[in-house]
Structure formats: C-alpha cells, structure tokens
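S.K.: One structure follows; several queries about it will come next.
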Amino acid sequence: MENNNYAIETNDLSIHYGRFTAVKSVNMKVERQKITAIIGPSGCGKSTLLRAFNRMNDFVPGCFVTGELLLDKQNLYGKTIDPVEVRRKIGMVFQKPNPFPKSIYENIAWGARINGFKGKMDDLVEQSLRAAALWDEVKDKLQESAYALSGGQQQRLCIARTIAIQPEIILMDEPASALDPISTLRIEELMQELKKNYTIIIVTHNMQQAARASDYTAMMMIDDKRAGSVIEFDDTKTIFMRPSDKRTEDYVTGRFG
Amino acid sequence: MKPPAEAQNFRHFDLKKKFRISESIIQALLFLAGILSIFTTLAIVYELGKEALLFFNIPDVTLGKFLGTTKWQPGIGQYGIWALVSATLVTSAIAMLISLPLGLASAIYLSEYASPKMRSILKPILEILAGIPTVVYGYFALLFITPILKSFLGDNIQVYNMLSAGLVMGIMILPLISSMSEDALSAVPRSLREGAYAMGATKLETSLQIVLPAALSGIGAAIIIGISRAVGETMIVAVAAGSGPNFSFNPLEAAETMTGHIARISGGDLSYNSIDYTSLFAIALMLFLVTLILNLISQWVVNKFREQYE
C-alpha cells in the first residue's frame, strides 16, 4: 500500500506565463495535518506556486501548468477536473484580508450555501467562528458589516469562512504580512489549532514565522533565467539548523543578497 | 544634560504662512464652476415656478383638477395632467424594462466574462449606439419597429404607439446603463472575486452575489441617469408615440408624453399670455417633479441593497 500520509503531491510541476517559465519542476509531497511553509526571496514564485495548488492561476491570462498536481491520486490539472470542485477542497486565505462586503454572519454562510450546505446555518457559523478563535469577539454583532472589524479580525473571519466549507487543505498566502505583531501571533496560534484537522501550506516572507510555526519548509530560489524552483524541501528544523544547500543557509541566516 | 553641540547653532526655518496667488485663483475658479451649475438649476426652477404660477393663478385651474382629472385640453378647460404623465410613465417603464436587464447583462458580460479582445470589439460598438441622434431613433421606431410590431399584433396596435417608442428608447439608453455599470463592476477589487473563487464559487455566483451587490451604488447612478433620460426624452416619443394627450396605460395605444406635448405645442403659434403657453410651464414643473421622485425612489432602493466595500 502506498503511503497515504500525503495530502497533495507535485510531479515536475512547472508554471508558465506564455513562453516564460515562472516556476520550474517542483516535486513536493505535502504531509497531511502538518504545516508546510514556502520561503524564499521576493519574486521567486512562492505565491505563484501556492496559487497553482487551487488553480487560482486559471484567472491569469496566458498562465498554464505542466507536470502533475495530485490530490487523492487525481491530477488536478487533468482534463476532466472541474476547477470549482478543486477550490472547494482546497481553500485559500489571502495576503490582504478580503472579507465580502456583507455581514459577519453572511460572510460565513455564503460560502456554505453555495457549496450546498443543508444543516443548521447558525450552528455552522458559530462553529466556524469558534474554530477561527473569533466567536467571543463577534458573537454580539454577527449582523454588522465585516468591514467594522480590525484587520486581524477580518483575517480570522476569512479563515473562518474557509473552514466553513470544510476543505482538505488550506492555503495561506502571507496571511499575517498586513497585520500587527499581536494579530500575527494569534494567526500563528490559530494555525497550530487548525492543523489538527487540516493540512496547511503557508507562504511567508517572515523567516521567524516559518521557523516558529511550520513543520516542513520548502526553500525557493530563482535561477539565472528568472525561473523559481524549490531548491530544498525538508523538515523545518533541518532547513534552519543544518541546511544542505549553501543558498538556503545564506538565506535563513540573513546573509543572502 | 547638555544639549548636543550642533543644537546650539541651530538653523532658523521660515515657517510663516505664505500667500500663494495661484492657489487662490484656482480655488476661486473651481468655486465658480461649482456655483454655476447650482445657479443654473435654481434659475430654471425659478423660471418654471414663476410661469407655472401664472397658470395656477387662473381661477378655473385648481390643483384638484390638475392632479385629479385625466383630460388635458387647457383651451377648453380640461387641466388633468395625468393624460400626459401616464404616457411618460408607460414609455419610461418600457424603456427601463428593456435597458436595465439588457444593460446590466451586457455590463456583467463585458466586465466578468468577455476576453480583453472581445471587450475591445464590443465596447466601441455599444458606444456607437449612444452617438446616434434621437431623431433617427424616433424614425427607426416609427418606420422599422412599429411595422414589425404590427405584423405580430395587427390592428390591435395603433400606428403611433407607446410600445414602439418605449422599446427604442430602451435601446437608446442601453449603452448608457451598460457602460456606467461596467465601470462600476470593473471597479470592484479583484481581491473580492478571488475570495469568492477560492471558496469554490462559480463565475455566475461570484458575478451575481459578490461583484454585483458591491457595485450597486455605481449601478444605481446608472439607473438614475437612465430614468432621467427616459423621462426627459423628447424626440423619439414626439415622432413615434403619438400626438394627442391620452390617459391610458395600454402601450399599444397612441399617447403623448409631457415632453412630446411641450415640443409640439411650443412648436406652433403661441401668444405669451395664452393658457396654452403658461400650461407648458406647469407641465415642465411636473416633469421636474416626476424625475425627482423617480430618482429618490431609485436612490432609496439602491441604498437598501448595496454592499459597500471599504
């Protein structure tokens, strides 16, 4: 029997914009219920790779993917795959909090409703907000606009609405980079809670965050043709303490560029 | 503690207020530009009100007759404005029933579905529609649309009718609604769409349930301008809707709108003191009120349903 501990795997996954290759030959096995961080200098294709995981790159004109991205043995870029269904299984939290201009309640209920949720909506909203550690702060103002919340609360609301559709994997694209240190800490604590039930892949600029919060780390670097690739992928301790690649060592110790 | 050495020969800055002549001139010019439009509006209302007052001062004319009866023939003592208001409402309603859904649909297509290439072809074509003179639209209604309607409806529809005029008016307003709505939809941040797609929303769900409500205040402005154009449109209804007041809500009949009536009567021989002349101002005042009320209603509806982003 194959190892079933992997939530998602890539096989020589490359991402191209027209004739330009932005990310080259990524081979990664992302373990279930763990936090995998993707680090690397600006412009190395971290976000591009992350957005390939739930086919958000489909919306970028000229962008296409070669190689395989396997979820449950199915290639997510296969011809018979519906990208809408992919995104129901692989949720995403963005760099800048982007709640819908609706009430706090509706922000969570909307996604559940379009995904055909039939149960008691009030319960789902409460569960999701609790799971995102936001319930106590908003339980008395569920009908108020999501924009009345602070940036950190908005980001947790975005996490809550993602949880509400019960994905397998949650992608986070620098989820704390627009937040203050206290809100950042809360998001990191929340990630530790969430990994009990979800697989998390996070892109981060913040080395300490990757070291603190993640179980595995993928180090990305750009080559002379400006194509990014994963140069090292290992458990986070190894990447930060005994990296095998000199470039990783330079980067994580701050000697880079 | 001693202050550091460099602080002792501290340089003096001149922070006194300076008079900047260019700033003052620009401010005055901008103020004048703003005040000009307000002044024009006030002047129009004053002129309308003054002349309309002459009409209402005629002993035979009462507000009750004006608003409470349905025959308009001031020369023989019939002052029921509804004979004209009904046609304005019917033609405007038909126009909005055409232009609102089609305009919104084409705006959603252009902003959410069309490829950049498709958009660069379709948008200019749509904008050509907006450049056609209304008199051309009027004869298009009378000579093209009406015969088509007649081929379906036969003698049930009159040669001059509100339906044909309203339909063509809708086509005239469509590019306005479409173009303004498309601007409003395109202005909705991409991050909102991405948030929706990332939750497994389809394009349709995202467009209708996330982008559209967020763009509603801009779309509301389009609707308001569309209604104002419809209520105020003169040439199309003058040519195609009929020339004779007729209190009717049947779009297959001929009827004269407030604007059409003003155009026809003022085009003939009129003496300044005649009741026909002063009555025109009462109609114009009513037109002004109808537009205002419809605008207020649409503003209210839009405010009720819109979802404000940041």
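S.K.: If one computes the Cα centroid of segment A:13-80 and of segment B:285-302, what distance in Å separates the two points?
M.R.: Segment A:13-80 and segment B:285-302 have Cα centres separated by 53 Å.
S.K.: Along segment A:33-49, what does the Karplus equation 6.51 cos²θ - 1.76 cosθ + 1.60 (θ = phi - 60°) give for ³J(HN,Hα), rounded to whole Hz, x for Gly and Pro?
M.R.: Computed from phi, the couplings for segment A:33-49 are 6, 10, 9, 10, 9, 10, 10, x, x, 4, x, 8, x, 4, 5, 4, 5 Hz.
S.K.: Measure off 7 Å from each Cα along the Cα-to-Cβ vector at residue A:19 and residue B:36, then give the distance between these two points in nanometres to one decimal.
M.R.: 5.3 nm
S.K.: Suppose we compare each residue of segment A:109-130 in its chain alone and in the full protein complex with a 1.4 Å probe; which ones drop by at least 50 Å² of accessible area?
M.R.: A:110, A:114
S.K.: For chain A, just list the percent of Cα-Cα distances falling in each 10 Å bin from zero outward, please.
M.R.: Calculated P(r), rounded to whole percents: 7, 30, 35, 21, 6, 0.
S.K.: Which ³J(HN,Hα) values, rounded to whole Hz and listed in residue order, are derived for segment B:133-148 from phi using the Karplus coefficients 6.51, -1.76 and 1.60 in 6.51 cos²θ - 1.76 cosθ + 1.60 with θ = phi - 60°, glycine and proline given as x?
M.R.: So the Karplus estimates, Gly and Pro as x, are x, 5, 5, 5, 4, x, 6, 4, 5, 5, 9, 10, 6, 4, x, 5 Hz.
S.K.: Another one. Ignoring ligands, DNA and RNA, how much accessible area is buried between chains A and B, both sides summed, with a 1.4 Å probe, to the nearest 100 Å²?
M.R.: Interface area, both chains combined: 1900 Å², rounded to the nearest 100.
S.K.: Nearest 500 deg cm²/dmol is fine: what mean residue ellipticity at 222 nm does chain A get from its DSSP H runs of n ≥ 4 alone, each adding -39,500 (n - 2.57), divided by its residue count?
M.R.: Values: 10 runs with 89 residues, N = 257.
Calculated mean residue ellipticity at 222 nm is -9500 deg cm²/dmol.
S.K.: With a 1.4 Å probe and all protein chains left in place, how much of the accessible area of segment B:99-234 comes from carbon and sulfur atoms, in whole percent? Don't jump to the answer; show the numbers that get you there.
M.R.: Numbers: 4070 of 5720 Å².
Carbon and sulfur: 71 percent of the exposed surface of segment B:99-234.
S.K.: Considering only the other residues whose Cβ falls under 10 Å of the Cβ of residue A:218, what net charge follows from Lys and Arg at +1 and Asp and Glu at -1? Present the calculation step by step, with values, prior to reporting the outcome.
M.R.: Numbers: positive: A:46; negative: A:232, A:234.
Within the 10 Å Cβ shell, the charges total -1.
S.K.: When you have a sec, figure out the Kirkwood radius of the protein assembly as shown from all distinct Cα pair distances and drop it here in Å to one decimal?
M.R.: Hydrodynamic radius (Kirkwood, Cα only) of the protein assembly as shown equals 28.9 Å.
S.K.: Can you run phi through the Karplus equation (6.51, -1.76, 1.60; θ = phi - 60°) for segment B:37-53 and list ³J(HN,Hα) in whole Hz, with x for Gly and Pro?
M.R.: 5, 5, 4, 4, 4, 4, 4, 5, 4, 4, 5, 4, x, 4, 6, 5, 4
S.K.: So how compact is chain B: Cα radius of gyration and Dmax in angstrom?
M.R.: Cα-based Rg and Dmax for chain B come out at 26.7, 104 Å.
S.K.: Further question: Provide the net charge surrounding residue B:112, with neighbours chosen by a C-beta distance below 12 Å and charges set as Lys +1, Arg +1, Asp -1, Glu -1.
M.R.: +2
S.K.: Separate question: What stretch of chain B, leaving out the sites themselves, is the longest with no chymotrypsin sites (Phe, Trp or Tyr not before Pro) in a DSSP loop having at most 10 other Cβ atoms within 10 Å?
M.R.: The reported range is B:20-271.
S.K.: Would you calculate a helix-derived [θ] at 222 nm for chain B, using -39,500 (n - 2.57) for each DSSP H run of n ≥ 4 and dividing by the full residue count, to the nearest 500? Provide the component values of the computation, followed by the final result.
M.R.: Values: 12 runs with 197 residues, N = 310.
After summing the helix terms and dividing by residue count, I get -21000 deg cm²/dmol.
S.K.: What is the set of long-range amide H partners of residue B:78 at a cut-off below 5 Å, with H atoms built 1.01 Å from backbone N?
M.R.: B:73
S.K.: I'd like the distance separating the alpha-carbon centroids of segment A:102-121 and segment B:23-72, in whole Å.
M.R.: 50 Å
S.K.: Any idea what angle helix A:151-164 forms with the longest principal axis of chain A, computed on alpha-carbon atoms, 0 to 90 degrees, nearest 10?
M.R.: Taking the Cα atoms of chain A, the angle to A:151-164 is about 90 degrees.
S.K.: Round to a whole number: what % of the accessible area of segment B:259-310 belongs to carbon and sulfur, probe 1.4 Å? Don't skip to the end; give the middle numbers.
M.R.: On the way: 1930 of 3200 Å².
Within segment B:259-310, the accessible surface is 60 percent carbon and sulfur.
S.K.: A follow-up question, please. Under a 5 Å amide H to amide H cut-off, with H placed in plane at 1.01 Å, what residues pair with residue A:37 once short-range neighbours are removed?
M.R.: Amide H neighbours of residue A:37: A:202, A:215, A:216, A:217, A:218.
S.K.: Right, next: Can you work out the accessible area per residue across chain B, with the rest of the protein chains kept in place, probe 1.4 Å, in square angstrom?
M.R.: 55 Å²
S.K.: Still on this structure, please answer the following. Within chain B, what is the longest stretch that has no trypsin sites (Lys or Arg not before Pro) placed in a DSSP loop and near at most 12 other beta-carbon atoms within 10 Å?
M.R.: On the way: sites that count: B:11, B:16, B:17, B:18, B:20.
Here the longest segment lacking exposed loop sites spans B:21-310.
S.K.: Quick query: amide H of residue A:7 versus all other amide H atoms, modeled in the peptide plane; which residues come in under 5 Å with a sequence gap of 5 or more or a different chain?
M.R.: Counting only residues 5 or more places away or on other chains, the set is A:30, A:31, A:32.
S.K.: Suppose all protein chains stay in the model; what accessible area per residue would a 1.4 Å probe give for segment A:188-257, in Å²?
M.R.: 53 Å²
S.K.: Suppose we keep just the DSSP beta bridges with both residues in the protein assembly as shown; what percent of those would be antiparallel, to 5?
M.R.: 60 percent
The values are calculated or read from the model by the stated rules, or taken from the named source; none is laboratory data. In this text the structure is predicted, and so the values were computed from the model without any measurement. FYI the Cβ positions are ideal-geometry reconstructions off the backbone, even for glycines, and counts take in every protein chain you see. Side chains are part of the model used for accessible areas, which takes the heavy atoms of the whole protein and leaves out ligands, DNA and RNA. Shrake-Rupley method; radii C 1.70, N 1.55, O 1.52, S 1.80 Å.
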